[in-house]
Each structure stands twice: as C-alpha cells, then as structure tokens.
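Have a look at the structure below before the remarks.
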Amino acid sequence: MGKQYTKGEIREKLTKLEIGTTVLEMKNITKTFPGVVADDHVNFELKKGEIHGLLGENGAGKTVLMSVLYGLYKPDEGEIWLAGEKVDIKSPKDAIELGISMVHQRFALVKNITALENIILGTQSSKKFFLDEKEAEEKVKKLSEKFGLEVKLNSLVMDLSMGERQKVEILKALYRGSNILILDEPTTMITPQEIDSLFETLRKMVKEGLSIVFISHKIPVVLRVTDRITILRNGRVITTVKTSETNERDLAVKMVGREVLYRLPKVKRERGERILHIENLWAPGEEEGVPVLKSISFSVHKGEILGIAGVAGNGQKELVECILGLRKVSKGKIFLNGKDYTNKFTREIYEAGVAWIPDEKDRGAILGLSVAENLVMKKFYKPPFSKGLMYNEKESLSFAEKIVKEYGVKTAGVKAPVRTLSGGNIQRLILAREFSANPKLLIAFNPTQGLDVNATEFTRRKILELREKGSGVLLVSMDLDEVMMLSDRIAVMYKGEIVGIIDAAKAERYELGLMMAGSKRLESSNWAS
C-alpha cells in the first residue's frame, strides 16, 4: 500500500503540477434522488490551467456533479482523484482543504457585513490568537489587483452590485488558496460589461495555473470562454470536445438532440391602445423611509411586448407586486384599460384581464391541490366550473384534460397533486392556466427560468402568439438575450428607477449594459410613451 497523503500534501501536489496535466478525475460518479437519477456513471477530467465548460440543459446533472466534488452530496457510486490520489470528500470543508472552491448561482454571502469580512470569514491568521485584519486586507488587495477584481472592501455586501458580489466570492476562493474553482451559471445575474470583465479575470487565473469548471446552459457563453466542453444530457456524458473544434449548432444538437433556434420569427405589427399605464409610481421598501420604487412611468400597449431589463434586485419584483396588488403603492397611479386599479385587490386585477407568470413556482401553484384544481384556480367560482355555489368537478376535469394535453404537461393524471410534478412541468402548468385565459395583459416574470430548451422555445412562442393576437405583454427577465429577442421596446431598471426606454430594434447590448449598471441614463423626453 502506497503512502497516504494528507489534504495539505495533496493540495501542494496540485500546486506543483505542470500546466496541461490532469488535476482532477471523477470516475463513474452516480448520484440518485427519489425517483431521479441525477448523474449516471459520469466521467469527468479537468486539466491544470484550463477553463472546462460543463454544458447541459437545466436538470442535466451539471450542478449535482460539481456539488459531489464540493462535498455537498455524497455519491452513490464512483471515485474522485486529485493529483493522482484518491480522495474522500465528505463536506465543503474537506473540499476547501483540498483546494476546491465553488461559487454558487445564488451567492453565499452575509449581506450585513463588509466585503472584506466575507472574504476572510472562517479563515485563520498568521497570528496565533487573533485574526490580523490589516494583514488580511493587504493580501486581498494584492489578489484584487493581480486578477482585476476591484471591489470596495469596506462596503457592506448589501450595498454592492451583483457583479461586485461575484468578485467577492471569487476573491474568497483565491484568498483560501484554491487550485480548482467551480463557477455555477456565473453570467446569469451580471451585466454584459461585467461578463467581459469576468472572462478577463478567468483567463488571468488559468495563466497562473488555476483550473476552472464553468457550468452553464448557454452555448454562446461557453464558446466564448472555455478551452474544452463536456456535455451532459439526462445525467450522462454525451461527449467532451475542444472548444476550438466545435460550434453552436453542433453543441445544441449534442445538448438537446436537435438544432436550437436562438431567434424566433416575430411578425411586425402596429401597437394598439394602452392596456397598462403606470404614472409616477412610488413604493416603500423594507427599510423605513427608503423607497424601493421611485417615479416609475411607462405604458404597455395592445400587440406589444415591453421588456424590463436589469440586474436582479433593482426593483423588478416590487414593480410586478404593485401592479398585481400584492404590494401597496405609496404614490402614483396604475391604470388598466383606462381605469384606476391602484392598490386594488388582486382578484379585481385578474378580473380586468391580467395574467401572471411568477418567477417562483410556489407563488403560481398550490402544491397540495390537484392539477385540475390549479388549472381552474382563478375561475372556479364562474360557470361552467360552478353550478350556483357548487363546484362542477366534471367540467373542471374535462377542461384540465384538454389543457394538459395541449400544453404537454407530464402528469400521472389531472387529479394528481401538483407536488408530484417536476419543476419544469409545474412551470408548464402555470403557463397553461395563464395563457388559456386569453389575457388582455400578460405579466411574465422570468418565464423560462428553470425550463429546458424545448420548454423555453415553447414558452417564448406562446408569448409571441399572445402579442400577435393583440394582447399586451410586460416581460420582466434577468435574461438579457430573452428580453432583446422578444421585446418591441425595452425599459431598463436600476435601483428602483426606469433609466431609459428604447426601441428593441435599435438596442445594443453594450448600451443596455451601461444602463443596467447605472452608468447611463436616457432623457425621459426621448422615451416612447
């Protein structure tokens, strides 16, 4: 039996390996959950000094595989080898001690302490009995300058942008001396300019000998930054390719089994009269005296899609809640079809012809009720779903059978509880209910979040169909590509304000990125009404 290396010794071996040699091997990794095989005998190899893309649809097993490497899950089968040594990673603490760090899609930072405090949290100082913050700050500053990760170290995390928070997470990994960095969907919540800056940082890191796993379902993004790409589908490895030897079409076919349309045809049409008009809207935030929405004004017309672009957390959620009557407006007006609906009850707003696709599935469906009950939830008290005061179950079941088939909701039956459906099918169920109501106004908040490629295309087509029938659509999405693809006009939100509204046909990513970051504001006199 050979020498048993300590975690520190294995970490040291990783540091001394030459660029291009194998640092990590995951062999036959299998991980199951009740009723689901997330990863099925997956083999994955990472080399020193490379950015390795892990590409696949949502639910393909990418994040689960890397969560096994990071010690969040224990595999049912398989082995992990680092620098040629077999390791047993039982927890994130083990992973960190071996030189592995993971930056999750939703950042794991403490918001009410500073960036510096987050970076050094839980680490030891060279001093014996206490942490030397000054020494730590100097080390962080040097790392920040070396890799282009400038951030206000003494600012509270809650006051930082999403891009700055991501830099804090990366600095935290570098401060701990990580050799392997896992990034889970790192471009989702940042501006185009911040994406460019992130890619520059990653290239500097691999030149210094770090190895990066870049998890994504976005083919164009992976093509821009990676050296190699491993594709997962339904928990299995389809192939590993050199990025320089592939293209979008080839990757799409391997990822989903068919070619993917990145742009959908959009019929040009004249917009009609206003359906929704917001006038000088203000709303209070969680902190007393500090508004979360400030002087918001815009309109949505019949036959148009108005996209709301912006980094998450800039007031989009609160705006939607105000329109739907879920949050009180402190000042200003909300008009639907010319009538004042400011601070009205949600049912009244639905009765005015408004449909809503929420970004959180548990806000759009009641998991304990059946598929049929969820589909008639907003109209169960009206004929034909009611007879006087009695619920007409037969009519509801018949309607549900038809809609489930039309929208491809996979379920054991319309009487099955919604909690038995997968996340993607719950989303389809919500879409089916809202679209089938033929709304005058659809409010779609991150409508394709968590959906696979097929369901994403289906959803986007349905949104365009509504527009073509003359409905108005307010599309709120953190996916800038989605906003640019579907919208007729684009409004950009920053810190609770609209900083500009522009014609989507003339919109440029760079300009939108500047607006999303608060670096550019358009004169309101130039906005279309």
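Annotations for the structure displayed:
- Among residues of segment 389-426, those that are out of contact with any helix residue (DSSP H, G or I) (no Cβ under 6 Å at 6 or more places or on another chain) and assigned to a helix (DSSP H, G or I), counted: 14
- Candidate set from segment 482-508 (those that are in contact with a Lys or Arg (Cβ under 8 Å, 6 or more places away or on another chain) and part of a helix (DSSP H, G or I)); member that is surrounded by the most Cβ atoms within 10 Å (Cβ to Cβ): 486
- Positions within segment 410-434 being touching a Leu at 6+ places or on another chain (Cβ under 8 Å) and either open to solvent by less than 10 Å² (accessible area, probe 1.4 Å) or over 30 Å from residue 276 (Cβ atoms) (or both), in sequence order: 410, 411, 414, 415, 417, 418, 419, 421, 427, 429, 432, 434
- Number of the condition not met by residue 393 [criteria: (1) under 10 Å from residue 371 (Cα atoms); (2) surrounded by fewer than 17 Cβ atoms within 10 Å (Cβ to Cβ); (3) over 23 Å from the mean Cα position of the chain (by Cα)]: (1)
Okay, residues lined up against (1) in contact (Cβ under 8 Å) with a residue 12 or more places away in the chain; (2) farther than 18 Å from residue 187 by Cα; (3) of a type in the set (Asp, Glu):
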{"site": "202", "(1), (2), (3)": "yes, no, no"}
{"site": "207", "(1), (2), (3)": "yes, yes, no"}
{"site": "245", "(1), (2), (3)": "no, yes, yes"}
{"site": "287", "(1), (2), (3)": "no, yes, yes"}
{"site": "290", "(1), (2), (3)": "no, yes, no"}
{"site": "306", "(1), (2), (3)": "yes, yes, no"}
{"site": "310", "(1), (2), (3)": "yes, no, no"}
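- Selection from segment 179-197 of residues that are modelled with pLDDT of 95 or more and either under 13 Å from the mean Cα position of the chain (by Cα) or not β-branched (Val, Ile, Thr) (or both): 179, 181, 183
- Enumeration of residues in segment 371-390 that are farther than 27 Å from residue 422 by Cα and either surrounded by 14 or more Cβ atoms within 10 Å (Cβ to Cβ) or of a type in the set (Ser, Thr, Tyr) (or both): 381, 386
- Here residue 51 does not fit the description of being open to solvent by 60 Å² or more (accessible area, probe 1.4 Å) and either at pLDDT 95 or above or closer than 29 Å to residue 207 by Cα (or both).
- Neighbours by Cβ (under 7 Å, 6+ apart or cross-chain): first from segment 221-232, more than 11 Å from residue 55 (Cα to Cα); second assigned to a strand (DSSP E or B) and of a type in the set (A, V, I, L, M, F, W, C): 225/51; 225/214; 227/51
- Some residue of segment 163-180 being more than 30 Å from residue 60 (Cβ to Cβ), among the hydrophobic types (A, V, I, L, M, F, W, C) and buried (at least 20 other Cβ atoms within 10 Å of the Cβ): no
- Verdict on residue 146 being part of a helix (DSSP H, G or I), open to solvent by 70 Å² or more (accessible area, probe 1.4 Å), in contact (Cβ under 8 Å) with a residue 40 or more places away in the chain and on the phi < 0 side of the Ramachandran plot: yes
The values are calculated or read from the model by the stated rules, or taken from the named source; none is laboratory data. As the structure is a prediction and not an experimental result, all values here were calculated from the model. Here Cβ is always computed from backbone atoms with ideal geometry, including for glycine, and neighbour counts include all displayed protein chains. Heads up: the accessible areas ignore ligands, DNA and RNA and are worked out on the full protein's heavy atoms, side chains in. Shrake-Rupley method; radii C 1.70, N 1.55, O 1.52, S 1.80 Å.
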